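The next block holds one structure in the form of structure tokens; read it before the comments.
The values are calculated or read from the model by the stated rules, or taken from the named source; none is laboratory data. Computed from a prediction, not measured in an experiment: that's the story for all the values here. Positions of Cβ are generated from backbone atoms using ideal geometry, with glycine treated the same way; all protein chains shown enter the neighbour counts. Remember, those area values only see protein heavy atoms, side chains included, never the ligands or the DNA or RNA. Shrake-Rupley method; radii C 1.70, N 1.55, O 1.52, S 1.80 Å.
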Amino acid sequence: MRWSDEDLASAISDSDNWSSVARLLGYAPTANESRKIMKARAEELQLDTSHFRYVPRPAGDRKSVVVPIRPEPPAKPLTAKVPRWTDDDLKVAVADSTSWREVARKLGYRTSSGGGATIQAIKNRAETLQLTSTHFSGNRRWSDDKITKAVTEGTSWTEVTVTLGVRNTSANRKAVTVGAARLNLNLDHLETAQQPQPVGEVGLERLREAATTIASAWFTLRGYHPSLPLEARAYDLLVDMRGKVQRVQIKTCMASSGQVVVAPGGREGVRVAYSAEDVDLFFILDGDLTIYLIPISEIVGKQAISLGGYRRFKVGSASSLIN
């Protein structure tokens, strides 16, 4: 039911017929089934309806049944209806609630269905008392106060979402944007803060300089321990691979799967191939930053190799560094 026993008693007291009672309780005057329920409940509660006036149907209606009009009861003294709550009660309820329905419940009303007139009356009184409801969130995820504070004090979307207690995702940013638009909050400073910082251009001519750092990071991420030799050696790194120390020579190639010189320059420009006494592994980066790890046994005696024939030795890629 939309009404309580107290609502029914009040409506009967303020009416002079069942149609009026139905209207006060939010029903159409012709809602016969609802009126039957009201009448039955009124009888159970022994509510007085002796002041109701029963008027005959209009003349000419074949179905009219003339019902005698009951004598009008003595006039009741006019008394103001005492509200269920005071202004102090309303102030406390508004301060401690997050919606107008919650305020109504705290003031003793049942608002599971209907109750629109009651809530409107509460709102009107709160407005008269200049009570703020900006902390209400209702069905929204955040109150007006909270989103206003987050947007105006935040310098980035990350700060805003952290303040609101959610992750920085597109769905949450959209929800914040909708709430900010309703409150006329400016988000331009957040969009500006999200712009990526300018970065330098990738130059493969610097690949040789970066190769040792990339190789060290690659080995370290796999649980190995690389170290640089203190003096010039045939190898570029010593790598402790879980107890087995490997001498690693690092080479680069500007092209994708191109040719790589694997022999150092000797006297008078003559190149001498590496042997197993000099190096154990070759760590090679090509122009796409594809990583090859080739044992000396595959290269021994050679001065140059074509990476196309060593695809089986691919072990990974650092391409994200140039994309």
Arg125 accessible area, assembled protein chains, probe 1.4 Å, Å²: 80
Tyr109 accessible area, assembled protein chains, probe 1.4 Å, Å²: 50
Residue-normalised accessible area of region 248-323, expressed per residue, 1.4 Å probe, Å²: 51
Heavy atoms of His189 accessible to a 1.4 Å probe, total area in Å² rounded to 10: 70
Förster radius 25 Å - calculated FRET efficiency between Arg105 and Glu43, Cβ distance, rounded to 0.05: 0.25
Listed residue pairs exceeding 27 Å between alpha carbons, taken from Lys36/Lys106; Lys244/Lys302; Lys123/Lys149; Lys123/Lys174: Lys36/Lys106; Lys123/Lys174
Apportionment of accessible area to carbon and sulfur, region 185-323, percent (1.4 Å): 50
